[in-house]
Amino acid sequence: LFSTLGARTAVHENCSLQKVKSESDVIFYNNGNFHDLIIGRYTYISTHATMSMVSVGRFCSIGPQFMCGLGDHPTDFASTSPIFFSLARQCGFSFAEQNLFEERKRIDIGHDVWIGARVFIRDGVRIGNGAIIAAGAVVVKDVPPYAIVGGVTAKLIRYRFPDEIIAELLKLQWWEWSEEKLRKAQPYFAQDDIPKLIAWASSETNL
């Protein structure tokens, strides 16, 4: 259950980390509970988060009271109680002699994802690169790259950019750039003319 944390990673008060592997420049804010977590550089997780069996990409911003990796229950069995299908003994006892339902599935959160406050993500869901999850959303199915979703249950609100811009951003894979290149690119990230960033990146490739 040991954790491996990258350089300049900060763990604030009352956080529990088990089997956590982080890259550099990650912050876990107060009162978080993290188990079996892989997290990329330049990502932060706000207060009171509960995360288990999750992979999180780089440059992600995760709001407070985020919950994911809490397990699943069957909806088509006669009972939803794990006492009939699980050996985990959640209530201290089980009638089952083997596991009969996949209670846990890994969650995959891409790069540059913004997750608002009080969001819940169901086991097995994949969140695409560049997506935004609105505050209070309950996400039960995959979210495409650069989509904005919200609601209970979460539905597509709109895409952040036109299809051709999304395709170019995904092709850039800028989250793989070195720190030096990111510093040079900073002015192009902090503005709303996305083709300028794409053009700059193309010119840098040709140098």
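Just to confirm the number: angle between the C-alpha axis of helix 163-172 and the first principal axis of the chain, 0 to 90 degrees, nearest 10?
Computed tilt is about 90 degrees.
Between residue 135 and residues 5 or more places away or on another chain, which pairs have amide H atoms under 5 Å apart, with H built 1.01 Å from N, and which residues are they?
Distant-sequence amide H within range of residue 135: 116, 117.
Taking the chain as the reference, fit the longest principal axis to its C-alpha atoms, fit the long axis of helix 194-205 to the helix C-alpha atoms, and give the angle between the two in degrees, 0 to 90, nearest 10.
70 degrees
When you count, for each residue, the other Cβ atoms within 10 Å and take the mean per peptide, how do 85-98, 47-60, 22-35 rank with the highest first?
On the way: 85-98: 12.0, 47-60: 20.9, 22-35: 19.3.
So the peptides 85-98, 47-60, 22-35, ranked by packing, come out 47-60, 22-35, 85-98.
Given charges of +1 on the Cβ of Lys and Arg and -1 on the Cβ of Asp and Glu, with all other atoms neutral, how large is the dipole of the range 1-42 about its Cα centre, in debye to the nearest 20? Provide the component values of the computation, followed by the final result.
On the way: 4 positive and 4 negative charges, 19 e Å.
It comes to approximately 100 debye.
Tell me, what % of the accessible area of the chain is carbon and sulfur with a 1.4 angstrom probe? Let's see the in-between values first.
Details: 6040 of 11420 Å².
In the chain, the share of accessible area belonging to carbon and sulfur is 53 percent.
Alpha carbons only, please: Rg and Dmax for the range 1-85, in angstrom.
Rg, Dmax (Cα atoms, Å): 14.8, 50.
Output the antiparallel fraction of DSSP beta bridges having both residues in the chain, as a percent to the nearest 5. Could you put the intermediate results ahead of the total?
Numbers: 4 of 42 bridges.
Of those bridges, close to 10 percent are antiparallel.
List residues of the range 27-71, by number, whose backbone nitrogen lies under 20 Å from a label position 7 Å along Cα→C-beta of residue 181.
Flagged as within label range: 40-43, 57-60.
Would you list the P(r) distribution for the range 1-48, with all Cα-Cα distances sorted into 5 Å bins from 0 and each bin expressed as a whole %?
Pairs per bin, as whole percents: 7, 24, 34, 30, 4.
Round to the nearest 10 and give me the degree value, 0 to 90, for the angle of helix 179-189's Cα axis relative to the longest principal axis of the chain.
Here the helix axis deviates by roughly 80 degrees.
Restricting attention to the alpha-carbon atoms of the range 87-137, what are Rg (one decimal) and Dmax (integer), both in Å?
Reported Rg and Dmax, both Å: 15.8, 44.
Hey, how much of the P(r) for the range 111-170 falls beyond 20 Å, as a percent of Cα pairs? Don't skip to the end; give the middle numbers.
Details: 290 of 1770 pairs.
Taking all Cα-Cα pairs of the range 111-170, the fraction more than 20 Å apart is 16 percent.
Restricting everything to alpha-carbon atoms, can you work out Rg to Rh for the range 95-207 with a Kirkwood hydrodynamic radius?
Values: Rg = 17.8 Å, Rh = 16.0 Å.
Answer for the range 95-207: 1.11.
Lysine pairs in the chain with alpha-carbon atoms under 28 Å apart, 8 or more places apart or on different chains: how many are there?
For the chain, the number of qualifying lysine pairs is 16.
Find out how many positive minus negative residues lie around residue 204, taking Lys and Arg as positive, Asp and Glu as negative, among other residues whose Cβ is under 13 Å from that of residue 204. Present the calculation step by step, with values, prior to reporting the outcome.
On the way: positive: 181, 183, 184, 196; negative: 180.
Overall, the nearby charge balance is +3.
For the chain, modelled as a GNM with alpha-carbon contacts under 10 angstrom, which of 133, 121, 165 fluctuates the most?
In the Gaussian network model the winner is 165.
For the charge dipole of the chain, defined by +1 on Lys and Arg C-beta atoms and -1 on Asp and Glu C-beta atoms about the Cα centroid, which residue among 35, 111, 78 has the Cα displaced farthest towards the positive pole?
Result: 35.
Have a look at 105, 196, 141 and tell me which one the Gaussian network model of the chain (Cα, springs below 10 Å) gives the largest fluctuation.
Maximum among the listed residues: 196.
Give the separation of the Cα centroids, the range 129-207 to the range 40-99, in Å.
28 Å
Can you work out D for the range 144-197 in µm² s⁻¹ from Stokes-Einstein, where Rh is the Kirkwood radius over C-alpha pairs, the temperature is 20 °C and the viscosity is 1.002 mPa s?
On the way: Rh = 12.8 Å.
For these conditions, the coefficient is 167 µm²/s.
Average the reciprocal distances over every distinct pair of alpha-carbons in the chain, invert the result, and give the Kirkwood radius in Å.
On the way: mean 1/r = 0.0538 Å⁻¹.
Result for the chain, one decimal place: 18.6 Å.
The values are calculated or read from the model by the stated rules, or taken from the named source; none is laboratory data. Just so it is clear, the structure is predicted and the values come from calculations on it, not from any experiment. Heads up, the Cβs are rebuilt from the backbone with ideal geometry, glycines too, and the neighbour counts pull from every protein chain shown. To get the accessible areas, we keep the full protein, side chains included, count just its heavy atoms, and leave off ligands, DNA and RNA. Shrake-Rupley method; radii C 1.70, N 1.55, O 1.52, S 1.80 Å.
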